[in-house]
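First the structure, in the form of structure tokens, and then the observations on it.
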């Protein structure tokens with residue numbers, strides 16, 4: 001008992017000394033970040049208040065910057081290692097010349113990024129409904145199609161074969177996957193006008209599935225060797241039940257392809273082009289991704305008849321795996 005009290009006293013003194021020495025440094029960092037933001041950033045950017053029309057601003061609002069940007073990208077941007085986001089300038093109605101953004105030292109950039117993370121959080125931002133670990137390459141392709149079909153290319157630039165394409169009116173997106181946080185993207189996609197009215201972004205008529213596709217696509221842009229999910233390698237496909245697959249075939253496929261896969265189901269007579277004749281196809285030799293995409297996303301996804309529905313949201317994953325196993329073992333083109 002005699003030797004423990006001094007030891008406890010020493011530990012208490014060391015701990016207290018640590019906090020007393022660390023707190024001023026932390027406080028100084030906070031204060032310096034505030035000074036930098038006030039002296040440099042607030043000249044063009046707004047950090048509080050309600051979202052405001054783009055045409056009342058000098059630069060993008062940063063009141064939700066703590067949610068919006070990935071830290072590594074933000075540090076590079078603050079230290080002048082990233083190109084200007086707006087090819088024609090943020091306020092193209094005033095001037096279409098790019099403004100040189102001030103650069104900070106690495107230390108100052110880090111304390112400003114810390115300040116953003118702590119103080120500029122938007123309570124509207126929740127965890128994304130998109131799980132990038134399950135994003136397939138086909139989904140990203142569908143997202144790219146949505147990007148074009150919904151006129152996003154009219155204002156945003158991306159890269160195709162290394163060349164910039166698209167309108168240079170709004171922020172470029174060819175590095176979006178390294179720049180933005182997934183949670184922020186997901187809330188922004190619900191209605192961009194909630195963030196910056198009159199920005200040119202509009203509320204698109206998208207399903208949740210379509211939103212997943214375009215958000216997933218944008219989060220792959222600029223990311224080297226993005227790891228796409230391959231459903232046909234999952235546990236469901238390693239534990240298939242051929243008998244159940246035959247049952248699923250009867251429930252969903254026979255109506256067009258026929259009980260024996262001869263393309264003579266009751267719905268076939270009114271279709272043009274006619275359903276595929278499975279008995280003539282070596283489905284056992286078809287690539288995994290092709291056969292999966294054909295059934296999951298429909299015929300149009302692989303350049304076949306649009307009459308072939310996309311069953312992915314209807315057939316449960318294990319049933320789908322069983323169905324594909326049935327197709328492979330039953331139809332060999334013999």
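What follows is calculated from the coordinates using simple rules that are stated; it is not laboratory data. Keep in mind it's a predicted model, so treat the numbers as computed, not measured. So basically every Cβ, Gly included, is an ideal-geometry build from the backbone, and we count neighbours across all protein chains shown.
Only counting other Cβ atoms within 10 Å, I'd like 323, 203 sorted with the fewest neighbours first. Present the calculation step by step, with values, prior to reporting the outcome.
Details: 323 25, 203 11.
In increasing order of surrounding Cβ atoms, one gets 203, 323.
The modelled label-to-label distance between residue 163 and residue 229, using points 7 Å beyond Cα along the C-beta direction, is 3.5 nm. With semi-axes defined as the square roots of five times the eigenvalues of the C-alpha gyration tensor, the equivalent ellipsoid of segment 132-218 measures 18, 17, 12 Å, largest first. Between residue 281 and residue 300, the modelled label-to-label distance comes to 1.8 nm, taking each label 7 Å out from Cα in the direction of the beta carbon.
Treating each Cα of segment 281-334 as an identical point scatterer and summing with the Debye formula, the log10 of I(q)/I(0) at q = 0.14, 0.18, 0.25 Å⁻¹ comes to -0.34, -0.56, -1.02. Here, segment 179-333 yields an orientationally averaged convex hull projection of 11.8 nm² when only Cα atoms define the hull. Relative to one another, the C-alpha centroids of segment 255-275 and segment 84-126 are positioned 58 Å apart. Computed packing ranks the peptides 33-39, 324-330, 49-55, 254-260 as 324-330, 254-260, 33-39, 49-55, most packed first, by mean other Cβ atoms within 10 Å.
Residues considered: 161, 131, 264. Largest GNM mean-square fluctuation over the chain, using C-alpha springs under 10 Å, is found at 161. Neighbour counting of Cβ atoms within 10 Å sorts the residues 128, 42, fewest neighbours leading, into 42, 128.
Computed over every Cα-Cα pair of segment 82-150 and binned at 5 Å starting from 0, the pair-distance distribution P(r) comes out as 3, 11, 10, 9, 15, 20, 19, 12, 2 percent. Rg and Dmax of segment 141-185, both derived from C-alpha coordinates alone, stand at 10.6, 29 Å.
List the relative contact order of segment 132-218 as a percent without decimals, with contacts defined as Cα pairs under 8 Å and 6+ residues apart. It would help to have the intermediate numbers written out before the result.
Values: 86 pairs, mean separation 32.6, N = 87.
Result for segment 132-218 is 38 percent.
Roughly what angle does helix 4-39 make with the longest principal axis of the chain, taking Cα atoms, 0 to 90 degrees, to the nearest 10? The answer is roughly 80 degrees. Considering helices alone, the calculated mean residue ellipticity of the chain at 222 nm is -12500 deg cm²/dmol, with DSSP H runs of length four and up weighted by -39500 (n - 2.57) and normalised per residue.
Relative to the longest principal axis of the Cα atoms of the chain, helix 208-218 runs at roughly 60 degrees. Take the Cβ atoms of residue 288 and residue 134, set R0 to 25 Å, and the FRET efficiency comes out at 0.95. Computed extension length for residue 40-residue 107: 22.5 nm, one decimal, from 0.36 nm per residue of separation with the Cα-Cα distance subtracted.
Ranked for footprinting exposure by Cβ neighbours inside 10 Å, fewest first, 219, 313, 63 give 313, 63, 219. Here the Debye sum runs over all C-alpha atoms of segment 26-119 as equal scatterers in vacuum, and log10 of I(q)/I(0) at q = 0.22 Å⁻¹ comes out as -1.27.
When the alpha-carbon atoms of the chain are used, the pair Rg, Dmax equals 27.6, 97 angstrom.
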